[in-house]
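To keep things clear, I will list the structure first and then write my remarks on it.
What follows is calculated from the coordinates using simple rules that are stated; it is not laboratory data. Please read all numbers here as calculations on a predicted model, not as lab measurements. In this analysis, Cβ positions are derived from the backbone assuming ideal geometry, glycine residues included, and neighbour counts consider all displayed protein chains.
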Amino acid sequence: VDVGAAGRHCEPDTTLLVESSVPPPRMIVFGAVDFASALVRTGKFLGYHVTVCDARPVFATRVRFPEADDIVVEWPHRYLQRTATDGRTVLCVLTHDAKFDVPLLETALRLPVAFVGAMGSRRTHEDRDRRLRDVGVTEAELSRLHSPIGLDLGARTPEETALSIAAEIVAAREGGTGRPLTGAHTPIHRAPAPLSLIHIS
């Protein structure tokens, strides 16, 4: 960054090298189910710090999730209430159980995180929506929920499902449409967000 005497980015009197270092974004996978193992691997591949959380200690084990950065045995909504999240955090709810899903999503949809998605059939989604409304979740909050989670790839296996979920996360983050590039008139590579100007006083 070239900085002039008055702090302007012209008259290059001073050149600064600015290095920014931030921790990797978090992906929290709730529900230590079979699909979660594949999603953990995919999340790691995408550069996330991946945590698996489940209230059932028999499922949330290092043996089942060797690639996870953290494994937490705790009720999901309680863990989410106490752990650190930010605007890059991705929350993936794979539990398929209303007693876990509803209090967890009630909390998640009120946090300023990047993505909240929940797995389940369309019938499960409709039932979950009704239960969330019953506990006071607003329409604006519900509109943030990606459910059923993932893009329509025709996925069947856990690995294909993880790819479908990851594709939706990337599309949501980057503003992609999720449509095939063939025949589309959208940019293949979108410009990155502009860097903030640095002011020296």
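Numbers below:
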{"quantity": "Debye, to nearest 20: dipole size of region 12-79, +1 on Lys, Arg Cβ, -1 on Asp, Glu Cβ", "calculated": "360"}
{"quantity": "Summed residue charge, Cβ within 10 Å of Leu109's Cβ, Lys/Arg positive, Asp/Glu negative", "calculated": "0"}
{"quantity": "Radius ratio Rg over Rh of region 76-161, counting only Cα atoms, Kirkwood formula for Rh", "calculated": "0.95"}
{"quantity": "Stokes-Einstein D (µm²/s) once Rh is taken as the Kirkwood radius of region 31-86 over alpha-carbon pairs, at 37 °C in 0.692 mPa s", "calculated": "287"}
{"quantity": "Rounded Å value of the spacing that divides the Cα centres of region 111-130 and region 42-76", "calculated": "20"}
{"quantity": "Interchain or long-range residues, amide H under 5 Å from Cys53's placed H", "calculated": "Val29, Phe30, Gly31, Val72"}
{"quantity": "Net +/- balance of residues flanking Asp134 in space, Cβ distance below 15 Å, scoring K and R +1, D and E -1", "calculated": "-2"}
{"quantity": "Trypsin sites (Lys or Arg not before Pro) within region 27-80, DSSP loop, no more than 15 other Cβ atoms inside 10 Å", "calculated": "Arg62"}
{"quantity": "Region 87-185 - charge dipole about Cα centre, Lys and Arg +1 at Cβ, Asp and Glu -1, debye rounded to 20", "calculated": "80"}
{"quantity": "Region 23-83 - share of DSSP beta bridges that are antiparallel (%, nearest 5)", "calculated": "0"}
